[in-house]
Amino acid sequence: MLTSEDPKLRRRRGCSGLTGVVIFAAAFGGIGGLIGGQVAGLVVAAVVALPLLYLVAFNLRRRVWLESNRLYVRTWRVREIDLTQAGRLDLLVTDVRGTRSVGLLVNAGNRRQTVKIDLAVYAGTGGRELQILALRKLADALANNFEANGMVFSQLLVAQLRAEARGDAAPDRPLYRLASAAPSGKLAQRFTMEAVSRFVASLE
């Protein structure tokens, strides 16, 4: 499994999402109520809340897992992507309020076959990383991708595994170093295969 199955984390994410929905809906509903009255306020609150509730439910249902070289993504239905045939691979670093996430963006040719795999989340000098077994399976599958030079990304994950095996602290691990290298002030930053290749070469 390439997504967290921790029930406490899922509950926390669900509660945070619902709290955010209530706050946004109440704020916009209050503004609508001041302008158009109580009915207008309720309508505005509902219009704001419904799409946000959909996004919360969508994210809570999302599961990503790997079987051999095939990546499966479940939301409302299950999608299947052959990692060996993915035409483009990018590393995506996002920065939200000081928390940086490192993900692998897999593009198999069209929008419906683009999937982000969360590899690590860092805040300060600590964080949460993909489990060792899942990381190993993902590295093996990427090594078989010749279309987008998956070997480069496989080598990055192998370097991460070696750092974990040595007991390196988070700041000394490759994924943390990549997350730190992304320019601040940008919500999302892509690292292409060429950029990742240069970084992996610097590790040797």
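Quick notes
- For segment 111-203, the relative contact order works out to 23 percent when only alpha carbon pairs closer than 8 Å and six or more residues apart are counted.
- For segment 32-100, the spherically averaged projection of the C-alpha convex hull amounts to 7.9 nm².
- Cα-projected label distance for Q38 with R190, points at 7 Å along beta-carbon direction, nm: 5.1
- Accessible area per residue was computed with a 1.4 Å probe on protein heavy atoms; I35 scores about 140 Å².
- Around the Cα centre of the chain, unit charges on the Cβ atoms of Lys, Arg, Asp and Glu (plus for the first two, minus for the last two) sum to a dipole of about 540 debye.
- Length-normalised contact order for the chain - Cα pairs under 8 Å, 6+ apart - percent: 17
- Inter-label distance, nm, simple model (7 Å from Cα along the C-beta direction), R79/V22: 3.2
- Potential lengthening of the chain between L60 and A46 amounts to 3.0 nm, from the contour at 0.36 nm per residue minus the alpha-carbon distance.
- Percent carbon-and-sulfur accessible area, the chain, ignoring ligands, DNA and RNA, probe 1.4 Å: 58
- Å² per residue, accessible surface of segment 136-204 at 1.4 Å: 53
- Built amide H within the under 5 Å cut-off of L71, gap 5+: I81, D82, L83
- Computed from label points 7 Å out along Cα-Cβ, the spacing between L161 and V96 is 2.9 nm.
- (i) 26; (ii) 36; (iii) 30, with the label sought being that of the calculated percent of Cα pairs over 28 Å apart: (ii)
The values are calculated or read from the model by the stated rules, or taken from the named source; none is laboratory data. None of the values given here were measured: they were computed from a predicted structure. No Cβ is skipped: glycine too gets one built from the backbone with ideal geometry, and neighbour counts run over all protein chains shown. Heads up: the accessible areas ignore ligands, DNA and RNA and are worked out on the full protein's heavy atoms, side chains in. Shrake-Rupley method; radii C 1.70, N 1.55, O 1.52, S 1.80 Å.
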